[in-house]
Structures are given as C-alpha cells and as structure tokens.
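Visitor: The structure's right below; bear with me while I get my questions together.
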Amino acid sequence: MDDSFLQTFWISIKLASLTTFILFCLGIPIAYFLTYSRFRLKIIVQALVSMPLVLPPSVLGFYLLIAFSPNYWPGNFLNQYFNIRLAFSFAGILIGSVIFNLPFMVNSIQNGFSNLPVSLKDASYTLGKTRSTTLFRVLLPNIKPALLTGVCLTFAHTIGEFGVILMIGGNIPGKTRVAALAVYDEVQALNFSTANKYSIFLFLFSFLVLLFVYSINSEYSKWKRF
Amino acid sequence: MEEILIDLHIKKSIHTNHVNEILDIKLSIPAHGFITLFGKSGVGKTTLLRIIAGLTTPDSGYIRVGNETWYDSNLNVNVKTQQRNIGFVFQDYALFPNMTVKEHLLYAQPQKEKKHVSDLLDTFHLKGLCNRKPDKLSGGQQQRLAVARALARKPRLLLLDEPLSALDTETRNMLQYEILQAHKNFHATTLLVSHDIQEVVKLSDFVYVIGNGKIQKQGNPDDIFNLVNADPHVQSPSRYLDSISFTCS
C-alpha cells in the first residue's frame, strides 16, 4: 500500500469520524424536537432534515459551493472577517458532509424516540425529574440500538460519499480526496488495479458496518418493552 | 371538619373515536382519603387523572391542592408536572427497561433515603428482586414496582390509573390488599381510576361516578352500589354503567 492510498483512506476516516461526532451532538436535540415538540411548523423542519435523501448530491454541492464562494455574501463574509475559505478545503467538505448525512442520524434517533412508550417520559416527569434528566437517564439509555444505528449509518455513508465532496472539495490529493473519489479518479486514469484496491476496501467496510447494525438490532429486538 | 386536599373544577373537550364531548368536572377530595373515579371506558377518567398530574392541560378551570394552586385558567397559572408532589401509576406501569428494581426507587427519590427504599421493598415484597430489570419480573411484580416507585418520593397525592386491569384475579386480590396497606402506611391521599365494582368497594372510602362528561353520582361505595343490587338485571359493572347512562339521558 503506498502513501497516497493510506492518505486517501485517512482523509475518508477523519471526515467520517468528525461528521459522525458532530451529527451525534446535533442529531439528539433535533430528533427530540421532531418527536416531542408540539410546534405546528415542525413538519417543515422534518422536510428540510430529510431533503438530502431525495436531493441529488450535486444540487446540494452546487449551492454550498456558491455559498462558500468569495463572490457571494456568506463566503465573502467568512473570507473578509475570519480569513476562512471553505471551498476546496477539508472544512468545506466537512460542512457539506454534515448537512448531507443529517437524515441518517436524525431519522434513526427519531425512530428510537418514537418507538418508546410516551408513558416513560411522563412517568419520569411525575417523579419530579427535569427534561434533561429524563433525556439522559431514561430516554437515551433505552434507545441505544437507534443511537448505534445512527452512528454506524452516518459513518458508513460518509465513507462512501461522492457527489457533494466532488462539488465542494474538488479532488485534491492529501486535502479533499476521499476513497470514493479515488476510485473514480483511478478508473479515469485506467489504473484498474488501484481502483480495485479502493473498491474492495469500501465494499468490505460497508458490508461489515451493515452486518454490525443488523446484528445489534436483532439482539435488541429480543429486549422486551413495557 | 374534614381537611380538603384537592378542590377542582375543570373543563376539557375530549375528542376520541368513541367520544366527542366536554368534560366538566367539579370535585373535592379529602386529605388521606382513598377516592375512586368510576365510569365506562372513554368517559374521561384517565384524562382527569392526567389533568391533575399536569400531563394534560384543561381548557379552563382551577385545581387547588392544599394551599397551592396547580392550575387556574383565570390567573394563567399552570404548575409543571415536575413541581406537583404526586405519584402516578400508569396503566402500562411505564417501568424503565434500563433500570433495576432498586435503581427505580433510588431514581424516584429527590434525596436518597435508604430506609424508605428498604421499607418500600419490604412492603411490596421486592427485596429479593432488587437487581432484576423489569423484563425479568412477573406482571404482579411489575405492578408492585410501579406502585413502590410512585411512593418513593413520598407524594401527597397518589394517582392510580387502572393499575390492576391487566392482572389475573388472584394476583389482583393480593395487590388490592397491598395497595390498601401502602395507602395506610405511607399516608398518601389516593385517587384510583377503576371500572371494577369489587375493586372499588374493597378499596375506596368515596366514589365519584363519571358519565356524559359530568359527575353523575357521588357517595360511599355501599350507597352507590346498593343501587346495583336493587336492579335484578344489573349484574356486571358494564350493565350498571349502562343504567347510569340511561337515567342521565
């Protein structure tokens, strides 16, 4: 394995780990809001969260690229006041990746909350416990399979991401070039053997992640609920 | 004169598949009493219990408990569930699958009091089951744990929402006795929702019969259910309830 191969995988894993961590922190409050809030317009938030499931990655990538460009106000603002350029940078693909993977984390956690009997939350409130105590002591410990599913799916999906990263990050070796892009790049250069190496790793990795998710869910489905 | 713990008058519109009416309830509950809300399914008994607990908000009215106002639509007061000193036993028990029996009781206490936990474990015969999680308990043991957990924070008011409805007759009889013992030992004013006449007669000091969104009758169980015996056709709670509806229509 050459340096370029390892470097590409390292960028993929770094991107997937950071995306998963950020989305885990963001996903819990968003999923909690979508499950329990009585806010009438939350359906709009739900639709926005799920948009990346149906939106072509190139469309999201295109608009983010425009937003990051110094020719438009968000990119111009970041460039002028903070000297930050997000287009064709690792930070840029990280932001794109977080937005694009939002539904994988949020929907998994939301399913977990929705499948819990509402009476668990009510029971904790009648015991005088605050919302945060109820969340951390009662709700989250009882949706572990959903949390794990969200983490695994987000991580695996980020590893295999292509369109958004290509649009925002380009394909800069050592900076924004991830494994899925490398496969495309190597095929374009007719290096089928290298493309095959990347592909086999991605194939096995995706299979193992899904195997892990399904085995955990099958184990927890035996767990009797009340 | 008898000390009144709860004085309430609430209105709440109920929309379910079976019912579409206004719940308009006015009642007083004496301190340390064992009171039952009796009536057909869907008349709003559980809704009333949830309103007292603060889990459901009424459309208008007031709920006064001792010197405190828990809800008053005119004064715009609505005390949070967490700040109402209650214990609530849900129909499905609502036990936490991640906690053991002992962890349930410790979680329920505002300040850890080992003696109170030990008393509850004794009263409800849970001592040998301390480290078991709910999925390793029988239906009767789960019900005992649900009542013990509700009493762990020493509530002024214990609300029981048909807690015995899913149990067999033998277990039910045993637990009725235990609930009565706990009511006496822990001095909590108890409000039970039930549609089982035997259970109501055995446990309650006073009964409110709810029908058509209102209190139809009130009195001690003997007075209320002597009416049943007078009617040779009425043998079951549902027949009795039908007769109440008939006389009120």
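Visitor: Are there any pairs, at least 6 apart or on different chains, whose C-beta atoms fall under 7 Å, with the first in the range B:169-195 and farther than 16 Å from residue B:207 by Cα and the second among the aromatic types (Phe, Trp, Tyr) and buried (at least 17 other Cβ atoms within 10 Å of the Cβ), and if so, which?
Guide: B:178/B:124; B:183/B:34
Visitor: Can you find, within the range A:108-143, the residue that is farthest from residue A:23 (Cα to Cα) among those that are surrounded by fewer than 19 Cβ atoms within 10 Å (Cβ to Cβ) and hydroxyl-bearing (Ser, Thr, Tyr)?
Guide: Here the answer is A:130.
Visitor: Can I ask one more? Test residue A:39 against the criterion of being hydrophobic (A, V, I, L, M, F, W, C) and outside any helix (DSSP H, G or I), and give yes or no.
Guide: The answer is yes for residue A:39.
Visitor: Take the range B:95-118 and flag every residue that is more than 9 Å from chain A (Cβ to nearest Cβ), hydrophobic (A, V, I, L, M, F, W, C) and either buried (at least 17 other Cβ atoms within 10 Å of the Cβ) or out of contact with any helix residue (DSSP H, G or I) (no Cβ under 9 Å at 6 or more places or on another chain) (or both). Step through it out loud before you land on a result.
Guide: Going residue by residue through the range B:95-118, those that are more than 9 Å from chain A (Cβ to nearest Cβ) are B:100-106, B:111-118.
The next check asks that each one be hydrophobic (A, V, I, L, M, F, W, C); those that pass are B:101, B:105-106, B:117.
Those that are more than 9 Å from chain A (Cβ to nearest Cβ), hydrophobic (A, V, I, L, M, F, W, C) and either buried (at least 17 other Cβ atoms within 10 Å of the Cβ) or out of contact with any helix residue (DSSP H, G or I) (no Cβ under 9 Å at 6 or more places or on another chain) (or both): B:101, B:105, B:117.
Visitor: Do the conditions hold for residue A:75, that is, is it free of Cβ contacts under 8 Å to residues at least 60 places away in the same chain, away from chain B (no Cβ under 14 Å) and in contact with a helix residue (DSSP H, G or I) (Cβ under 7 Å, 6 or more places away or on another chain)?
Guide: yes
Visitor: Right, here's the next one. Condition test on residue B:151, is it crowded, with 17+ Cβ neighbours inside 10 Å, in contact (Cβ under 8 Å) with a residue 24 or more places away in the chain and over 30 Å from residue B:57 (Cα atoms)?
Guide: So residue B:151 fails the test.
Visitor: Of a type in the set (Ser, Thr, Tyr), at pLDDT 95 or above and out of contact with any Asp or Glu (no Cβ under 8 Å at 6 or more places or on another chain): does that describe residue A:20?
Guide: On the way: of a type in the set (Ser, Thr, Tyr): yes; at pLDDT 95 or above: yes; out of contact with any Asp or Glu (no Cβ under 8 Å at 6 or more places or on another chain): yes.
Spelling it out, residue A:20 is indeed of a type in the set (Ser, Thr, Tyr), at pLDDT 95 or above and out of contact with any Asp or Glu (no Cβ under 8 Å at 6 or more places or on another chain).
Visitor: Across the range B:119-138, what is the total count of residues that are part of a helix (DSSP H, G or I) and either in contact with a strand residue (DSSP E or B) (Cβ under 6 Å, 6 or more places away or on another chain) or surrounded by fewer than 14 Cβ atoms within 10 Å (Cβ to Cβ) (or both)?
Guide: 5
Visitor: Also: Give A:7, A:80 a once-over and let me know the one that is surrounded by fewer than 21 Cβ atoms within 10 Å (Cβ to Cβ) and either without any contact (Cβ under 8 Å) to a residue 24 or more places away in the chain or closer than 16 Å to residue A:156 by Cβ (or both).
Guide: A:80
The values are calculated or read from the model by the stated rules, or taken from the named source; none is laboratory data. Computed from a prediction, not measured in an experiment: that's the story for all the values here. For neighbour counting, all protein chains shown are included, and Cβ atoms are generated from backbone atoms with ideal geometry for every residue, glycine included.
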